[in-house]
Amino acid sequence: MSKFFFMSALLILTSCAPRVALPAELVLERASTENRNLNAARFEADVSYNALITARITGIMQNGGNQAVSDVDIHAGPMNFIARYVIASPVEQYLLVHATTVDSLKSLVGQWWILNANRVSDDASIPLSPDPALIRKQMSIMHVTNDRGFVQLDGHAVYHYDVELDRQKALDFLKEVARQSGQNDSSVILPQELQFRGECWIDADSFLLRRIVWNITSTDQQKPLHIQLAVAIHDQNSAIAIEPPKDAKPFPIETSVMTDILRSVHL
C-alpha cells in the first residue's frame with residue numbers, strides 16, 4: 001500500500017514540476033526538423049495589404065500539401081471573390097465560385113469546374129495551404145528578438161516568440177530559389193527599406209508550428225506599406241479525407257485569369 005501511495009505522490013509531483021524552457025535557437029532548430037514531417041493539418045490564414053485588400057483562407061491539407069481544400073474569401077474595395085478550391089492531386093484541381101462581383105467570372109458561380117492536366121500548367125498550380133517546406137524554411141531564416149516564455153494556445157503549451165527575418169539568410173534562400181528556377185541570382189534583392197517582423201507560437205512538446213504572424217512594413221514614407229499574414233495550424237498529422245467533387249465540368253475560360261486571382265493571396 002505504501003508503495004502505491006509513494007508512486008502516486010511521485011506522479012503528482014512530476015506532473016506539477018515546472019516545464020524547463022529550451023534555448024530559442026534550439027527550439028527553432030527542432031521546429032525546422034519536426035515540421036519537415038507535417039503531412040496533414042487544418043488551417044486558417046488572414047492576409048491584408050495596406051488595409052485595402054483582405055483575404056481569408058480556411059481549409060485542410062493532406063499528403064504534405066499535395067492535396068487540399070481551401071475556402072477563399074477576397075475583398076478589394078467593391079470587389080469580392082468567394083470560392084472553394086480543391087487540389088485532388090498536383091495535376092487535378094477543382095473550383096467552385098460561391099459569389100463574385102467580377103463580371104468576367106460571374107458565369108462560373110454555382111458550378112464545380114475541373115482544372116486538370118490538359119488545361120493547367122505546373123506553373124498555374126496555386127498552393128492555398130501551408131507548405132511544409134516553406135514552414136521549415138521560415139524556422140531557419142528568422143531569429144528571436146524577444147522570448148515571451150510559455151503560454152497556452154488552443155489547450156497546448158507553446159513557446160511564444162517575437163521574431164525578425166534574418167536578411168542575409170533570407171537573401172541566400174531567395175537566390176537559391178532563383179538558381180533552381182534557372183534564373184540569374186544576381187538580380188535578386190531584398191530592399192533595405194522593407195522590415196519583416198512577427199510572432200510565432202511553437203508547440204512545446206511536438207515542436208510543430210501552431211501559429212505565425214508576419215508584419216511587412218516599409219521605412220520609405222513616400223511608399224507606405226503594411227502587409228500582414230497570420231496563419232494558424234491545427235490538428236497536425238490527423239487523418240483528413242479529401243474527396244474530389246463528382247459533377248465538375250471543364251473550366252470554360254482561360255486559366256490565367258484564375259491564376260492571377262489566386263496568386264494574389266498565395267501563402
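So here's what we get for this one:
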read-out: Residue in segment 36-55 that is surrounded by the most Cβ atoms within 10 Å (Cβ to Cβ), counting only those that are polar (S, T, N, Q) and farther than 20 Å from H75 by Cα; value: N39
read-out: Test: L105 is modelled with pLDDT under 95, in a helix (DSSP H, G or I) and not acidic (D, E); value: yes
read-out: Lone unmet requirement of (1) out of contact with any helix residue (DSSP H, G or I) (no Cβ under 8 Å at 6 or more places or on another chain); (2) aliphatic (A, V, I, L, M); (3) touching a residue at least 40 places away in the same chain (Cβ under 8 Å) for L208; value: (1)
read-out: Single residue of A99, A83, A41 found to be in contact with a His (Cβ under 8 Å, 6 or more places away or on another chain) and modelled with pLDDT of 95 or more; value: A83
read-out: Members of segment 226-257 that are more than 17 Å from N63 (Cα to Cα), at pLDDT 55 or above and among the aliphatic types (A, V, I, L, M); value: I227, L229, A230, V231, A232, A248, I253
read-out: Number of positions in segment 35-62 that are farther than 30 Å from T217 by Cβ and in contact with a strand residue (DSSP E or B) (Cβ under 9 Å, 6 or more places away or on another chain); value: 4
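Residue-wise test of (1) in contact (Cβ under 8 Å) with a residue 12 or more places away in the chain; (2) farther than 30 Å from Q93 by Cα; (3) surrounded by fewer than 18 Cβ atoms within 10 Å (Cβ to Cβ); (4) out of contact with any Leu (no Cβ under 7 Å at 6 or more places or on another chain).
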| residue | (1), (2), (3), (4) |
| --- | --- |
| I135 | yes, no, no, no |
| V151 | yes, yes, yes, yes |
| A170 | yes, yes, yes, no |
| N184 | no, yes, yes, yes |
| D203 | yes, yes, no, yes |
| I212 | yes, no, no, yes |
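Let's see how each residue does on (1) closer than 30 Å to R84 by Cβ; (2) among the polar types (S, T, N, Q); (3) at pLDDT 95 or above:
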{"site": "I114", "(1), (2), (3)": "yes, no, no"}
{"site": "A124", "(1), (2), (3)": "yes, no, no"}
{"site": "L128", "(1), (2), (3)": "yes, no, no"}
{"site": "I141", "(1), (2), (3)": "no, no, no"}
{"site": "Y159", "(1), (2), (3)": "no, no, yes"}
{"site": "R179", "(1), (2), (3)": "no, no, no"}
{"site": "K223", "(1), (2), (3)": "no, no, no"}
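The values are calculated or read from the model by the stated rules, or taken from the named source; none is laboratory data. Just so we're clear, the structure is a prediction, and the values are computed from it rather than from any experiment. As a convention, Cβ positions derive from the backbone with ideal geometry for all residues, glycine included, and neighbour counts pool all protein chains shown.
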